[in-house]
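Single-structure report; data block below.
The values are calculated or read from the model by the stated rules, or taken from the named source; none is laboratory data. All figures in this text were calculated on a predicted structure; none of them were measured in a lab. Neighbour counts are summed over all protein chains in view; Cβ atoms, including those assigned to glycine, are modelled from backbone coordinates with ideal geometry. Ligands, DNA and RNA are excluded from the accessible area calculation, which covers all protein heavy atoms including side chains. Shrake-Rupley method; radii C 1.70, N 1.55, O 1.52, S 1.80 Å.
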Amino acid sequence: MRKRTVVLSAIIIVLVIVALAYTINLYVPFETAPQKETITIVDNTGVYVEVEVPVERIISIMATEIICLLGHEDKIVGRSLLSADVEAILPPSILDLPVVAESSFSPNMELILELEPDLVLVDEGLSSENRKTMEDAGIPVINDMLMEPRRKIFIKNLGLILGAEEKANEFIDYEEYYENLVKERIENLTTSEKPSVYFEWYMSWFSASAGSEFHDMLVDAGGINIAAGEPVLYPTLSPEYVADENPDFIIRMSTYLDGEDLAAFQTLRDEILSRPALSESKAVKEGKVCVIKNTVLVDRRPIGLLYLAKWFHPSLFEDIDPAAVHEQMIQQFFGADLEGVFAYP
Amino acid sequence: MNTTEVKRLYTEAKARKVLAILSIFVVLLIAVVISISLGAGSPRFAEAMQVIFSKLFPFLEIDPGSKITQVIILDIRLPRIVLAIMAGAGLAVSGATLQGVLRNPLVSPFILGISSAAGFGAALAIALGVGILMPFKGYLEVFNAFIFSVIAVFMVYGIARIRGITPESVILAGVAINYIFSAMLALIQYIAPEHTAVRAVVYWLLGRLSNANWETILLILPIVLVATVLMMRHSWDMNVMSLGEEVAISLGVNSRRVLAICMALGALATASIISFTGVIGFICLVSPHIARMMIGSDHRFLLPCSIVLGALLLLCSDTFARLVIMPSEIPVGILTSLIGVPFFVYLLLSRRRLFWH
Amino acid sequence: MKLVINGLSFSYNSIAALKDVELELGLNEVLSIVGPNGSGKTTLLKCIDRILKPNQGAVLIDGRDAANIGLDELAKIIGYVPQSSTSTFPYTVFDVVLMGRKPYIRWSVSERDKEIIAEILKFLGISELAARYFNELSGGEQQKVIVARALAQQPQILLLDEPTSNLDIKHQLEVLSIIKGLTQSRQLSVIMAMHDLNLASRFSDKMAMLKHGCIFAVGTPKSVLTEENIESVYGVKSHVTNSVLDRPQVTPIAPIATGVENSEESK
């Protein structure tokens, strides 16, 4: 008999607590302010986000540089950590802004809420719980990304929200111009005219197969990815296989972890040149080993495309200097001077 | 010593134990007050108390402060504190229970392989978008993690049964299941279609309380509460079982059945917690140990003591984790692992009888 | 309580440990089970208390089959004192004896429980040890504590497995006297598995000698402890005399070298 009392009491206690939780109603709904004009966009997660415009206080856990590019850096009140390359081209006032999140994985909710933003930009690392907390507090959250296929859509959306559609289109057109340029020039190449490429990133023999953004870059630049058909998206290739494929080109992506100065690039390249498995490959013999930084390969895709295309088909791209284009792009859209090494040789 | 003195011995010992538990509880309350007064945002003690009292006693008409303050206190700090207490308590009592029924002060619920299984389930959801059940949107990894934990426990039970449910067979089966799921987890990370997914899985495994909200708590609370109550009901059985299986039977305790039931309860409580928080280790190991040092091995007191100790430990760890490198946070799972290191060194060096002989 | 064992058989996998054992225990009786290593003494005790489940046969307590009596209820009837005792976790002597009250306790320890334990401790002369940790005691002291725990169950039948193997002469006599005394003052019957034939002889009312899992001889110590029996079961030549206490006294002389099987250790 006493057993049942204990179990029953436990159940009753649980029910009481649950009931209390609902009645105390700990959610704090925000008062609705007088209606402003709203713009509704669809973000990468398929959510219809309603943003009241004009937006005055933005927290950019991603796309900080895009907002600056669109001319609205004064609206940013909080940011995430930025890479050195991005910090270099942004106005110094951005660097003074509080860092409210290392990345979308770990936002500091208290700081974010205290800044009272009216728009928060995040990428897919944000947990649904954190998104809910912000949305319950009345803050619109846009979860998107700067890679294709969302890049153009997202930038257009931002332009719409900030009332900077012209600038947004200017930037998109600029990027498209170069993408189309490369596309047209390699359009009529036959397979035999396209070099085979071994692409490596992150660590030795780590490559990328079809379906990855790296593969798409290689193909769009008129190359053939020797790892295209691998079953795993980011395969670790066997050295024998690469040796056997005898690639015409070896492209190695570097990140800030590898070092940012010229010496670092040279070190990476030298290491590949000295690998026994690759010593007999065409790429090494002809010195066609190139190191390119992720900043241009991924973040500033058109520039990366130009670098690759020029390496693969020098005769078709004699008139293009990717470094110069890069410099010009940064000057035109960020008003800053480009510094640093992004590709070698 | 005459009989009155002998009897008083027990009564006094019991009073001391109860006092110890109450003291820790008081420290816990103090920790709660401190935790709610600290954070990256600006609300401090005064503002926090204002908000809480205005909600608890609406008739007193206390000014609760700005909306932001209320949200920070009630929707960010308070759920996190409650989750820390609940998770710490649940993990600790599961650890104490498993140590009791497996007759081994070095085990924890994770010996059943549920941490790898939960990680595997979460990875399946995060990296491949594959799920088993999805009753609520956005909770795919939580339910996956939970279901695979349950599967792991069934597998352990099934394997252990072959030779009979004894501590040895359960532990061995658990080790095997642990390796199976670890391997599968590694495989998923290798074939994951996005490299952010891999990072997300690693992040999930680290264990953090930063995603606490009231919905989470209401989902976990009933399970942990009921499991805890049921585990505590077996306190006497655990006491008797430490004398060995044969003596236990002679005293009327079906030790194999108790082992199976308590194993399931401990795994259930642990799984429901780590499905939300990721793997937070060492609380389930360290709390029962310290509790045993303070209060002895009578499980009627050991379990409640572990509960308050676990809650206190996790709350302090989490508060420290979110304050030490503001505005960034250290995932609390890393911090609790760091606690484990000096603790086990101490165990190694200590020769005191207060542990097993 | 009358205990009747009918046709009890038990095998460890395929090794038969007990074959068709028939035995009766009367009220207030002390029954010793003797026999060489591996003859099945411990196995028999464990089968009686349902620690092991017999393959065949039944243990009847006042006519009821022990298999049908719940473990809880059985624990109020039969107390078991194993040969050696360990505890994974440290407990005080009081705690250990308290565990003997498990069949009666729901959660809290009542005044009566405490009373019973204090009395038993005093009775066995170990009150001073109440606050000491069990694992720190000497072998003899631990043995008394274990007996105390079994007595705390307030059993009507007490099973003891080699209760005196760890004790010095004084403690041996003390413990056995207490047990014998209990059978006379309370409703207690005792079965003890004994190594020491002379102690068994002195303190038992009845003796059963096991050989290879079968009952070889049953009866009073005088009738069971004969030179022929000892030679047959133990393979030892001995000299049996009548001691000053009017009980058979066995003096072993020499093992018989040929023609007798050596029994292996099997448990």
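Of note:
- On chain A, 54 percent of the accessible area sits on carbon and sulfur atoms, based on a 1.4 Å probe.
- For the protein assembly as shown, convex hull of alpha carbons as volume per residue, Å³: 217 Å³
- For region C:156-170 versus region B:53-98, the gap between their alpha-carbon centres in whole angstrom: 58 Å
- Computed from the Kirkwood radius of its Cα pairs, the Stokes-Einstein diffusion coefficient for chain A at 25 °C and 0.890 mPa s stands at 107 µm²/s.
- Take the accessible area of chain C alone and of chain B alone, subtract that of the pair, and you get about 3800 Å² summed over both chains, using a 1.4 Å probe.
- Angstrom value of the Kirkwood radius, inverse mean 1/r, which spans all Cα pairs in region A:189-345: 15.8 Å
- Förster-model FRET efficiency, 45 Å R0, B:SER37 and C:ASN55, C-beta, rounded to 0.05: 0.10
- B:GLU168-A:GLU286 FRET efficiency (beta carbon distance; Förster radius 60 Å; 0.05 resolution): 0.40
- The modelled label-to-label distance for the pair B:ILE62/A:LEU15, using points 7 Å beyond Cα in the direction of Cβ, is 3.1 nm.
- Gaussian network model of chain C, Cα within-10 Å springs - most flexible of C:ALA257, C:ALA67, C:ALA131: C:ALA257
- Whole-angstrom gap from region C:1-44 to region A:250-283, using each part's C-alpha centre: 81 Å
- Taking θ as phi - 60° and the Karplus parameters 6.51, -1.76 and 1.60, the scalar couplings of region A:84-89 work out to 4, 4, 6, 4, 5, 9 Hz in sequence order, x denoting glycine and proline.
- Under DSSP loop assignment and at most 12 Cβ neighbours within 10 Å, longest GluC sites (Glu not before Pro)-free interval of chain C: C:1-260
- Note on A:GLU339/A:LEU181: beta-carbon distance plugged into 1/(1 + (r/R0)^6) with R0 of 30 Å gives a FRET efficiency of 0.75.
- Burial here means at least 50 square angstrom less accessible surface with every protein chain in place than with the chain by itself, probed at 1.4 Å; in region B:30-51 the buried residues are B:ALA40.
- Charge tally in the Cβ shell below 10 Å around C:GLY79, where Lys, Arg are +1 and Asp, Glu are -1, C:GLY79 excluded: +1
- Two tests apply to each whole DSSP H helix in chain B, Cα reach of 30 Å or more along its axis and mean Kyte-Doolittle hydropathy of at least -1.0, and the ones passing both are B:3-36, B:78-101, B:140-162, B:167-191, B:255-277, B:299-323.
- Cα centroid separation - region B:237-300 against region B:185-204, whole Å: 33 Å
- Counted charge near A:VAL242, where neighbours are those whose Cβ lies closer than 15 Å (Asp, Glu -1; Lys, Arg +1): -3
- Reach of B:LYS14 by Cα under 13 Å, taken over aspartates and glutamates that are not fewer than 8 positions away in the same chain: B:ASP298, C:ASP95
- Across peptide B:65-74, the mean count of Cβ atoms from other chains lying within 10 Å of each residue's own Cβ comes to 5.
- For chain A, the membrane-span-like helix rule (DSSP H, alpha carbon extent of at least 15 Å along the helix axis, mean Kyte-Doolittle at least 0.0) picks out A:2-24, A:151-162, A:262-273, A:301-312, A:322-334; this says nothing about an actual membrane.
- Straight-distance crosslink candidates among lysines, where the alpha carbon sits under 23 Å from A:LYS156 and sequence neighbours closer than 8 are dropped: A:LYS36, A:LYS75, A:LYS167, A:LYS183
- Helix-only mean residue ellipticity at 222 nm for chain C, each DSSP H run of n ≥ 4 adding -39500 (n - 2.57), per residue, nearest 500: -9000 deg cm²/dmol
- Choice from A:ILE11, A:ILE330, A:ILE320 showing the highest fluctuation, given a GNM over chain A with Cα pairs closer than 10 Å: A:ILE11
- Accessible surface buried at the B:A interface totals approximately 4000 Å², computed with a 1.4 Å probe on protein heavy atoms.
- Averaged per residue, chain B has 39 square angstrom of accessible surface, using a 1.4 angstrom probe with ligands and nucleic acids left out.
- Sequence of A:LEU257, A:LEU297 when ordered by accessible area, the most exposed leading, probe 1.4 angstrom: A:LEU257, A:LEU297
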